[in-house]
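The values are calculated or read from the model by the stated rules, or taken from the named source; none is laboratory data. Quick caveat, the model's predicted, so the values are computed rather than measured. So basically every Cβ, Gly included, is an ideal-geometry build from the backbone, and we count neighbours across all protein chains shown. Surface areas here come from the heavy atoms of the whole protein model, side chains and all, with no ligands, DNA or RNA. Shrake-Rupley method; radii C 1.70, N 1.55, O 1.52, S 1.80 Å.
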Amino acid sequence: MNKQKMAEILAKYTFNSFETFEYSPFGSGLIHGTYLIESGSSKYVLQEFNNTVFQFPERISHNQRLVKSQGNETFLPFQLPLPLVNSENNLITSVNGRLFRLFDFVNGQTIQEITDLNQAYIAAEAYGAFAEWGKNVETSQLQECIPDFHRLDLRFARLQEVANEKHLRSAEEREILDFYLGQKDLINAYKRNQSVLPLRLTHNDTKINNLIFSQDLSKVEALIDLDTLMSGYLMYDFGDLVRTVACSRAETSQKWEKIRLEITVFEQLLLGYWKGVKNLASKEETESLLLAGEVMTCIMGLRFFTDHLQGNVYYKVAYPEQNLHRAKNQMLLLKSLQEKKPELEQIWKSITLT
């Protein structure tokens, strides 16, 4: 993008003249194109919105406006950087058929994985604080940005449907398919929870790199990537923390023998998240936290394997078997979660029932 086109976009925001500015590519996100804008002493982040991945931008804007209007951000211990409104009072700016958003810049750093246990605690504490803060948001007014995003039962049914249409080529594929089709007890447990859990404001993508930490990593400065703000269950957000932070290897790793749940990390995640939600969580929600890691790991394994069978139509892959390997990675993590369930239950009891 050249500077003339950038100036045309920035002209839609009248709170700053943007007569002089500098810009440069920013971040390593895979969905939206992002730029750092420097104008005088002010810094902003300009993002080109990817409406191929997020097909309902108006729903995202609706939810973000609702959260901003119903939640008092002064009660959050960190920033919640939502898009700035343009001269037409819109959160999304359209220029020549392309969509853009502008955000205040938050100073700090993001991390891809923890280097000590305290970072897991701090991250989970932040997501728990967000859940508590969002308790007054009318979830009935939130719209589905991605329909049925975390519906484990529907993801399971979809794999069954696709598997019936495909010829499996290898023993490895058959092993992975049999494992996921053997998760009916987990599916039924999820459905039982679904019938009793209240809907909350959830972030729905609680990876550690969706937090901006202070430069010394001692606290969270901002919770970002707010495109998936929707109504959901607390177990979605806690479960994705367990899946992404408490696994010994990243979801792309093929070091099969080294993929396992790190129990000490799980404990810190539960301690931090529970600190935020303990005055909010119902008995049923408290119990669901023990199942949360299994639910979210199974969801992602189902999605990866289904996409593999369909020819890699959703997730970007670096090589043809990558979604197969991602599904195997999640299978091994899920096995570890289920094998260590007795130990996790003792940790869960010591934290939530005392």
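Once the piece of chain linking residue 172 and residue 138 is laid out straight, how much longer is it, given 0.36 nm per residue of separation minus the C-alpha distance between them?
7.7 nm
Toward the positive end of the charge dipole of the chain, about the Cα centre and with charges on Cβ (Lys, Arg +1; Asp, Glu -1), which of 242, 300, 40 goes farthest? So the residue we want is 300. Express the C-alpha Rg of the range 109-231 as a ratio against the empirical globular expectation 2.2 N^0.38 Å, rounded to two decimals. Relative to the rule-of-thumb radius for its length, the range 109-231 sits at 1.35. Taken over the range 198-354, the convex hull of the Cα atoms encloses 133 Å³ per residue. Looking at the range 129-187, the trypsin sites (Lys or Arg not before Pro) that sit in a DSSP loop and have at most 10 other Cβ atoms within 10 Å of their own Cβ are 169. Membrane-span-like helices of the chain, defined as complete DSSP H segments with a Cα extent of 18 Å or more along the helix axis and a mean Kyte hydropathy of at least 0.5, are identified as 263-277. Roughly what percent of Cα-Cα pairs across the range 1-146 reach past 20 Å? Everything past 20 Å amounts to 57 percent.
Once the gyration tensor of the Cα atoms in the range 249-303 is diagonalised, the equivalent ellipsoid follows with semi-axes of 26, 14, 8 Å, ordered largest first. Annotation: residue 331 carries an accessible surface of approximately 0 Å², with a 1.4 Å probe and no ligand, DNA or RNA atoms counted. From its DSSP helices (H runs of at least four residues, each -39,500 (n - 2.57)), the chain gives a residue-normalised ellipticity at 222 nm of -14500 deg cm²/dmol. Computed across the chain, the Kirkwood hydrodynamic radius from all distinct Cα-Cα pairs reaches 21.5 Å. Protein heavy-atom surface of the chain, 1.4 angstrom probe: 47% of the accessible area is carbon and sulfur, with nucleic acids and ligands not counted. Straight-distance candidates among the lysines for linking to residue 12, with alpha-carbon spacing under 17 Å and chain neighbours fewer than 8 residues away dropped: 3, 43. Per residue, the accessible area of the chain comes to 47 Å² when a 1.4 Å probe rolls over the protein heavy atoms.
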